[in-house]
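Student: Got a structure for you, questions after.
Derivation of every value follows stated rules applied to the coordinates shown; laboratory data play no part. If you're wondering where the values come from, they're calculated on a predicted model, not measured in any experiment. Note that we place each Cβ from the backbone using ideal geometry, even for glycine, and neighbour counts take in every protein chain shown.
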Amino acid sequence: MAVKTITAPGTNGKTEKQVLLKATEAEVPRAVFTIKEFCAAHRLSEAMYFKLRNVGLGPREMRAMRKVTISLEAASDWRRAREQAAQAVDDGVGRANLLRGERS
């Protein structure tokens with residue numbers, strides 16, 4: 001939090017210092033990731049992100065003009081889906097589908 005000190009006349013006739021607190025950008029809760037931020041947060045290269053997206057395994061994206069963002073909810077859903085897919089492979093469920101190139 002940024003702190004700014006100003007001096008102002010006090011109630012007792014003396015000058016008093018007042019501290020004003022200013023919200024900074026870091027305090028605003030994150031609502032979305034850019035692709036670059038998503039990749040950094042999930043330890044993916046951007047190339048791997050685009051490979052996953054191109055085969056239909058990327059997170060849901062939001063587009064505003066040319067800006068592409070990924071909501072926190074979409075990131076959470078994507079992680080859950082990737083965990084479930086990995087668990088299915090570990091359990092042997094869906095292994096035949098993976099071998100045939102099908103996605104569940």
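Student: If we count other beta carbons within 10 Å of each Cβ, what is the order of Ile70, Ile35, fewest first? Intermediate results must be reported in sequence, preceding the final value.
Tutor: Values: Ile70 23, Ile35 19.
Ordered from fewest to most neighbouring Cβ atoms within 10 Å, Ile70, Ile35 come out as Ile35, Ile70.
Student: Using 7 Å Cα-to-Cβ label points, what is the Val89/Met65 separation (nm, one decimal)?
Tutor: 3.9 nm
Student: Taking 7 Å along the Cα-to-C-beta vector as the label spot, tell me the Val32-Ala47 distance in nanometres, rounded to one decimal.
Tutor: About 2.8 nm, to one decimal.
Student: Would you calculate the volume per residue, in Å³, of the smallest convex hull containing every Cα atom of the stretch 32-100?
Tutor: Enclosed volume per residue, from the Cα hull, is 93 Å³.
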